[in-house]
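The values are calculated or read from the model by the stated rules, or taken from the named source; none is laboratory data. In this text the structure is predicted, and so the values were computed from the model without any measurement. So basically every Cβ, Gly included, is an ideal-geometry build from the backbone, and we count neighbours across all protein chains shown.
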Amino acid sequence: MRTVLKFGGTSVASPAALARVAEITKATKGERVVVVSATAGTTDTLIAAARAAEHGDVQKAQDSLAELAEAHKNLVADALGFESADVLKEIGDLTERTDALLQSVAILRECTARTMDAIVSYGERISAPIVAAVLDHHGVKAEALSAEGLIITDDQFGHANPILDETKARAAQELAPRLSYGSVPVVTGFIGSTAEGVTTTLGRGGSDFSAAVLAAAVTANELRIYTDVSGVMSADPRVVKDAKPLATLSYAEAAELSYFGAKVIHPRTVLPAVEAGIPVRILNTFAPSDRGTTITAASGNDGTVVKATTSIGSLGLITVQGAGMSGIPGFAARVFDTTAAEGISVMMISQSSSENSICLVVPDEATERLRGALERMFNAELRRHDVERIAVEKPVAIVAAVGEGMRGTPGVASRVFGALGKAGVNVVAIAQGSSELNISLVVMERDREKAVRLIHEEFHR
Ligand code: ADP
Ligand code: ASP
Ligand code: MG
């Protein structure tokens, strides 16, 4: 039996949480690989520090790094009840190196994606030795290991893609011997390196992805993602008080949910696990005996229609509208050429059947830039009034209702819109994925939470 256990930011951020991590790892039989996130909030702080340095405020950047170092030194001392010279030295060395990086950023006034990855890797690189020391202290033989040189990725800094074959080969060298000696490798989540050894990161929330890649690389029997809620819930528990944990979720549902903002799992996490046929369980560090959510290839038919409702905010809606657009081939292609040329990812599209308008939903901060680019692209059409306007509405949010049970169930959309309409929530745009397992709609940001609650209430009474 081989299990990969991943512990998220809040699960490693306090002495009490670390004690739970040790208990859970101890209670897991067989070979174990532990993957850890940075402590909650640390990655955000590091990004902010790098930005401050980039803007020339090196003092602010160095101060927040020093605060992080101090907090982690206190954390490990409190968790162990004594000062571990080894861990303190490790934190000291890493802090020094990161401080030097921040100074270089301040001098150059530039922080490339590559440099940012090197800076943010600090979070996971200091949490892994802390967790390993706590495990050791609880009688679990453990060793911290950086995923640099282990999870091999391409060089898309900031959102690198793991190369599974390479990672498998490295795992056979680095992890397999440790496992056979009964030692628990505590691997940094979120980060990896190119084959040449340059540090990369897998994107925000990427520790889940790291864990899935490693699970596939060591052909684990199970991947367990421990977080601060008892599984994937029918809605974000911070928004909907009576959201319930879902017992099962199909890979497809999990992917839709994470795409539309359910922060609990990382979108691409599901992929390496699906391909390797490894069951994924989302469990609660603070209530480890709760059943949690099992994500599997096929969803058992549990009779639900909409399984979960989720939302993603801080977006902008751009509408390209005009009577002269209908029937012109290649029109949509030019719209998407423009988004691609600007490097803007499109969250959602919808085109009315009359072909009179195309709506795009993009991140808020990209909206104005895209409007400008579209105006240049359709300059001639705008002058001829073939395109009447390129309008922007923001901030908006996408609200998505997800569930395999929606497929072939008539009347789901009308229940969704009925529930919103009765409560006076205006739907700005609609899109249904061709998969029929999600209905997503755009509302103004101010209506976002209300819309989630209304849809949840409609289907989960
Ligand atoms: P971790 O640091 O453990 O990876 P995250 O903060 O990334 O934890 O994800 C867990 C959080 O996701 C929960 O605390 C919860 O507030 C939020 N969340 C959003 N949508 C959902 C959902 N549908 N089910 C469960 N949690 C959700
Ligand atoms: N620490 C990283 C982040 O905050 C990765 C993770 O926690 O999964 O995005
Ligand atoms: Mg997470």
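At a glance:
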| read-out | value |
| --- | --- |
| Residue in the range 421-461 that is modelled with the lowest pLDDT, counting only those that are assigned to a helix (DSSP H, G or I) and among the small types (G, A, S) | G421 |
| Condition check for R20: more than 16 Å from ligand 2 (Cβ to nearest atom) and touching a Pro at 6+ places or on another chain (Cβ under 9 Å) | yes |
| Helices (runs of 4 or more DSSP H) contained in the range 295-413 and holding at least 1 residues at pLDDT below 90 and aromatic (F, W, Y) | 331-341 |
| Qualifying positions in the range 83-111 - over 26 Å from the mean Cα position of the chain (by Cα) and of a type in the set (D, E, K, R) | E83, D86, K89, E90, D93, E96, R97, D99, R109 |
| Candidates I119, I163, I126, I191, filtered to the one that is out of contact with any Lys or Arg (no Cβ under 6 Å at 6 or more places or on another chain), of a type in the set (A, V, I, L, M) and within 16 Å of ligand 3 (Cβ to nearest atom) | I191 |
| Given (1) hydrophobic (A, V, I, L, M, F, W, C); (2) farther than 23 Å from L202 by Cα; (3) exposed (fewer than 15 other Cβ atoms within 10 Å of the Cβ), index of the condition A22 fails | (3) |
| Residues located in the range 417-457, provided they are within 17 Å of I312 (Cα to Cα), more than 23 Å from the chain's Cα centre (by Cα) and among the basic types (K, R) | R446, K450 |
| Some residue of the range 415-428 being surrounded by fewer than 13 Cβ atoms within 10 Å (Cβ to Cβ) and under 30 Å from Y251 (Cα atoms) | no |
| Condition check for S314: touching a residue at least 24 places away in the same chain (Cβ under 8 Å), at positive phi and out of contact with any Ser or Thr (no Cβ under 6 Å at 6 or more places or on another chain) | yes |
| Pair list, Cβ under 8 Å, 6 or more apart: the range 365-381 residue closer than 13 Å to G316 by Cβ and in contact (Cβ under 8 Å) with a residue 40 or more places away in the chain, other residue surrounded by 13 or more Cβ atoms within 10 Å (Cβ to Cβ) and among the charged types (D, E, K, R) | A366/E342; T367/K394; L370/E342 |
| Condition check for T319: farther than 23 Å from E256 by Cα, in contact with a Ser or Thr (Cβ under 9 Å, 6 or more places away or on another chain) and in contact (Cβ under 8 Å) with a residue 40 or more places away in the chain | yes |
| Criterion violated by E54 - all others in (1) surrounded by 15 or more Cβ atoms within 10 Å (Cβ to Cβ); (2) within 16 Å of ligand 3 (Cβ to nearest atom); (3) not aliphatic (A, V, I, L, M) satisfied | (2) |
| Residue satisfying all of: in the range 190-210; aliphatic (A, V, I, L, M) and touching a Phe, Trp or Tyr at 6+ places or on another chain (Cβ under 9 Å); farthest from ligand 2 (Cβ to nearest atom) among these | V198 |
| Odd one out for R2, checked against (1) surrounded by 20 or more Cβ atoms within 10 Å (Cβ to Cβ); (2) under 23 Å from L214 (Cα atoms); (3) away from ligand 1 (no atom under 16 Å from the Cβ); (4) charged (D, E, K, R) | (1) |
| Residue pairs meeting the criteria (Cβ under 6 Å; at least 6 apart or on separate chains; first among the hydrophobic types (A, V, I, L, M, F, W, C), in the range 4-18; second within 12 Å of ligand 3 (Cβ to nearest atom)) | V4/A211; F7/V36; F7/Y226; V12/V36; A13/A40; A17/S11 |
| Filter result (in contact (Cβ under 8 Å) with a residue 60 or more places away in the chain and over 22 Å from the mean Cα position of the chain (by Cα)) within the range 112-130 | I130 |
| Residue list for the range 19-57, restricted to those being out of contact with any strand residue (DSSP E or B) (no Cβ under 6 Å at 6 or more places or on another chain) and within 14 Å of ligand 1 (Cβ to nearest atom) | R20, I24, S37, A38, T39, A40, G41, T42, T43, D44 |
| Tally of residues being modelled with pLDDT under 95 and either within 10 Å of ligand 1 (Cβ to nearest atom) or under 21 Å from L18 (Cα atoms) (or both) across the range 208-222 | 1 |
| Some residue of the range 78-89 being over 16 Å from L18 (Cα atoms), modelled with pLDDT of 95 or more and within 16 Å of ligand 1 (Cβ to nearest atom) | no |
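Yes/no per residue for (1) more than 11 Å from ligand 1 (Cβ to nearest atom); (2) over 14 Å from the mean Cα position of the chain (by Cα):
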{"site": "G205", "(1), (2)": "no, no"}
{"site": "M233", "(1), (2)": "no, yes"}
{"site": "V239", "(1), (2)": "no, yes"}
{"site": "P245", "(1), (2)": "no, yes"}
{"site": "E256", "(1), (2)": "yes, no"}
{"site": "Y259", "(1), (2)": "yes, no"}
{"site": "K263", "(1), (2)": "no, no"}
{"site": "V270", "(1), (2)": "yes, no"}
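Each row is one residue, and each column tells you yes or no for (1) within 22 Å of A276 (Cα to Cα); (2) out of contact with any Ser or Thr (no Cβ under 7 Å at 6 or more places or on another chain).
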| residue | (1), (2) |
| --- | --- |
| V120 | no, no |
| I126 | no, yes |
| A132 | no, yes |
| D136 | no, yes |
| K141 | no, no |
| A144 | no, yes |
| T167 | yes, yes |
| L179 | yes, yes |
